[in-house]
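Colleague: Take a look at the following structure, please.
The values are calculated or read from the model by the stated rules, or taken from the named source; none is laboratory data. This is a predicted model, so every value here is computed, not measured. Cβ: placed from backbone, ideal geometry, glycine included. Neighbour counts: every protein chain shown.
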Amino acid sequence: MSIIIPSGIDQTDIRVPMQFPLRPDADTVLDAEGRVILTMDNSIDIKESIRFAKLFAKAPQLWELLGDMYFTLAVLAKTNGLNHGADNEEDKDKCLLCRAEAILESIK
């Protein structure tokens, strides 16, 4: 999938200035000030472009929700005596709390 970064953005440092919340507008994503922060490439099916724009616009709320869910799961696990973590990597992939921690760590 191709994403078109708006002109004027330094291509060596692709951090796009934006104000949250984000919102989808057809196949683009706008910030709180109405700036286009990304547009889908024309080669992508319009339905897919719109879906991706909606998903991208909701990403901040999804990450926040994931953090809240992780906290809730951790409390439930502790109060119910459930084990968290594992001695080997294979079992860590089966631990829901470990997987949530890995995702949260990757977006810091």
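Colleague: Under 7 Å by Cβ, and 6 or more places apart or on different chains, what pairs join a residue from the stretch 88-108 that is more than 17 Å from E64 (Cβ to Cβ) with one that is at pLDDT below 75 and part of a helix (DSSP H, G or I)?
Modeller: Pairs found: C98/K92.
Colleague: Residues that are at pLDDT 85 or above and surrounded by 14 or more Cβ atoms within 10 Å (Cβ to Cβ), at least 3 per element: which helices (runs of 4 or more DSSP H) completely within the chain meet that?
Modeller: By residue number, 46-79.
Colleague: Still on this model: Please specify each residue of the stretch 26-63 satisfying the condition of being farther than 27 Å from A100 by Cα and hydrophobic (A, V, I, L, M, F, W, C).
Modeller: A26, L30, A32, V36, I37, L38, M40, I44, I46, I50
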